[in-house]
1. Could you pull out every residue, at least 5 positions away or on a different chain, whose amide H is within less than 5 Å of the one on Ile29? Hs are placed 1.01 Å off N in the peptide plane, and Pro or chain starts have none.
2. Tell me, how many Å apart are the Cα centres for region 12-27 and for region 43-78?
3. Per-residue HN-Hα couplings for region 2-15, Karplus 6.51 cos²θ - 1.76 cosθ + 1.60 at θ = phi - 60°, whole Hz, x for Gly and Pro?
4. Just flag the trypsin sites (Lys or Arg not before Pro) in region 31-63 sitting in loop per DSSP whose Cβ has no more than 13 other Cβ atoms within 10 Å.
5. Using only DSSP helix segments of four residues or longer, with each worth -39500 (n - 2.57), what per-residue ellipticity at 222 nm results for the chain after dividing by its residue count and rounding to 500?
6. Could you pull out the GluC sites (Glu not before Pro) across region 91-134 that fall in loop regions by DSSP (anything but H, G, I, E, B) with no more than 10 other Cβ atoms inside 10 Å?
Amino acid sequence: MKFYIATDHAGYALKEFTKEYVISKGHEIIDLGPDSADRVDYPDFAKKCANAVISDKGSFGILICGTGIGISISANKVAGIRAGLCHDAYTAMATRAHNDANILCFGERVVGRGVVESMIDAFCDTEFEGGRHAGRVDKIEGCSLGADLG
Ligand code: RB5
């Protein structure tokens with residue numbers, strides 16, 4: 001699998017570890033920054049990664065901030081991105097199987113290195129199940145969710 005990775009300053013320390021683990025599993029990973037732990041704004045790096053994933057069909061992303069929340073909210077603003085905020089192997093498996101997630105998000109202040117490894121394994125080993133989930137993903141992609149919430 002091919003991954004793009006980006007973080008903010010609060011996810012920066014976990015970036016090298018995550019990259020090394022992804023590479024050790026035989027995948028490719030491209031680092032979109034930042035290049036230091038200096039303070040940055042997570043929407044800027046979410047956007048870089050989301051745009052790279054959309055431009056490179058079949059690729060995936062990894063986004064890390066302090067909680068994983070801000071960077072996942074930001075990435076999900078990009079059409080075609082399904083960024084799943086995960087906390088463990090179960091959520092990483094389910095976001096691929098049910099949501100067809102193309103970006104794995106997590107929080108450096110939330111998960112440890114062992115959990116990161118288990119999430120990457122689960123994310124990479126799981127295919128989208130399709131079936132009843134496909135229609136739901138189509139609804140995410142096809143409409144403004146607020147518009148028809150009567
Ligand atoms: C940065 O302090 C922190 O707010 C950010 O990394 C993230 O957790 C936001 O959701």
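1. Amide H to amide H, under 5 Å and 5 or more residues apart or across chains, Ile29 pairs with Phe3.
2. Using only Cα atoms to place each centre, the spacing works out to 17 Å.
3. 3J(HN,Hα) across region 2-15, in whole Hz: 10, 10, 10, 10, 8, 9, 10, 5, 7, x, 4, 5, 8, 5.
4. On the way: sites: Arg39, Lys47, Lys48, Lys57; in loops: Arg39, Lys57.
Those that pass, being in a loop and sparsely packed, are Arg39, Lys57.
5. Details: 6 runs with 67 residues, N = 150.
Helix contribution divided over all residues of the chain: -13500 deg cm²/dmol.
6. Values: sites: Glu108, Glu117, Glu127, Glu129; in loops: Glu108, Glu127, Glu129.
Those satisfying the criteria are Glu127.
Coordinate-derived values only; no laboratory data. Keep in mind that what you see is a predicted model, and the values were worked out from it rather than measured. Ideal geometry is used to build each Cβ from the backbone, glycine not excepted, and the neighbour counts take in all protein chains shown.
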